[in-house]
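In what follows, a single structure is set out as structure tokens and then discussed.
The values are calculated or read from the model by the stated rules, or taken from the named source; none is laboratory data. The model shown is predicted, which means the values in this text are computed figures rather than measured ones. FYI the Cβ positions are ideal-geometry reconstructions off the backbone, even for glycines, and counts take in every protein chain you see. Just so you know, the surface numbers come from the protein's heavy atoms only, side chains and all, with ligands and any DNA or RNA stripped out. Shrake-Rupley method; radii C 1.70, N 1.55, O 1.52, S 1.80 Å.
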Amino acid sequence: MLNVVLGLVASAISAGLGWLAQTLRRRRRLERERAFFGLTSGGEALLVANRQVSSADPHSVARDDVYALMELAALVRECGARSVLTSHDEVRQGLGDKTEFCVGGPESNARTAAHLASWLPGAAFVAPPEGAGHPVRTLLVGDREFAFRTAAEQPGGTAYALLARIHLRPGSRPVFLIAGQTAVSNHAAVRYLAAHHRSLARRHGPDGAFAVVLRVVNARAYGPDVVEFEADVTAGATAPPQPAAA
């Protein structure tokens, strides 16, 4: 009987220690996630929605952009914070008071255009060349070009997204810029951010600025699920563009 009691006591202690270790690991993981996103328990995060370029309604938002905003809201909630949703043309506040997630390229999001001009002057979205057969803008970062490819040009097609963390100042909250060439690429970049924030933190530090380009493969077949790291463009994006030769 004594051996049985001792065995039960040992099992209870082991179970308690295991539960405590798992709780501590989850708490440390949550604290690292909060630090990366600049979120606090009970705090707020600003979600800046873009508009659907192809719609005549200025308040229309593409379906995949809505999904991206929903997943960002879920990420914020997991960190114990609250989301405040606003339209890109209604934001009238500075940076640093709360974490900001800005969705959409500069054509669909005026806030994105301001962020690019202020913090990522080496990055731009330019009109496609004549005869491209599509209106999707090309992403330029420094001397690198990331052009949208249709299914006719490349099997399945290819789209790119710029994912960046900017405006990092002591005591301020970061801005996360999710600027894709399409709504699906915006959605894919949000999923990449949610799934790979730990690796981004290891590579760039828990409070470091970065800019990376992601490639979305065959969105027509796979939607936002197949997204791959393409390039780290932090240096090129943060450097001012070179003046044109006279």
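There is at least one residue in the stretch 197-211 that is over 18 Å from E107 (Cβ atoms), part of a loop (DSSP other than H, G, I, E, B), of a type in the set (A, V, I, L, M) and under 15 Å from the mean Cα position of the chain (by Cα).
Yes or no, residue by residue, for (1) under 15 Å from E78 (Cβ atoms); (2) surrounded by fewer than 21 Cβ atoms within 10 Å (Cβ to Cβ):
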{"residue": "R32", "(1), (2)": "yes, yes"}
{"residue": "F37", "(1), (2)": "yes, no"}
{"residue": "T40", "(1), (2)": "yes, yes"}
{"residue": "G43", "(1), (2)": "yes, yes"}
{"residue": "L46", "(1), (2)": "no, no"}
{"residue": "N50", "(1), (2)": "no, no"}
{"residue": "D57", "(1), (2)": "no, yes"}
{"residue": "S60", "(1), (2)": "no, yes"}
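Suppose we filter the stretch 135-158 for residues that are in a loop (DSSP other than H, G, I, E, B), surrounded by 15 or more Cβ atoms within 10 Å (Cβ to Cβ) and without any contact (Cβ under 8 Å) to a residue 24 or more places away in the chain; how many remain? Residues meeting the conditions: 2. Of the listed requirements (1) closer than 29 Å to T40 by Cα; (2) β-branched (V, I, T); (3) in a strand (DSSP E or B); (4) in contact with a Pro (Cβ under 9 Å, 6 or more places away or on another chain), V216 misses just one: (1). Out of S108, S118, one residue alone is crowded, with 21+ Cβ neighbours inside 10 Å and of a type outside the set (D, E). It is S108. Within the stretch 212-235, the set of residues being within 24 Å of G122 (Cα to Cα) and either more than 13 Å from the chain's Cα centre (by Cα) or among the charged types (D, E, K, R) (or both) comprises R215, V216, E228, E230, A231, D232, V233, T234, A235. Residues in the stretch 64-83 that are open to solvent by 50 Å² or more (accessible area, probe 1.4 Å) and more than 17 Å from the chain's Cα centre (by Cα): 1 in all.
When the stretch 177-196 is filtered for residues that are in a helix (DSSP H, G or I) and among the aliphatic types (A, V, I, L, M), the ones remaining, listed by number, are A183, V184, A188, A189, V190, L193, A194, A195.
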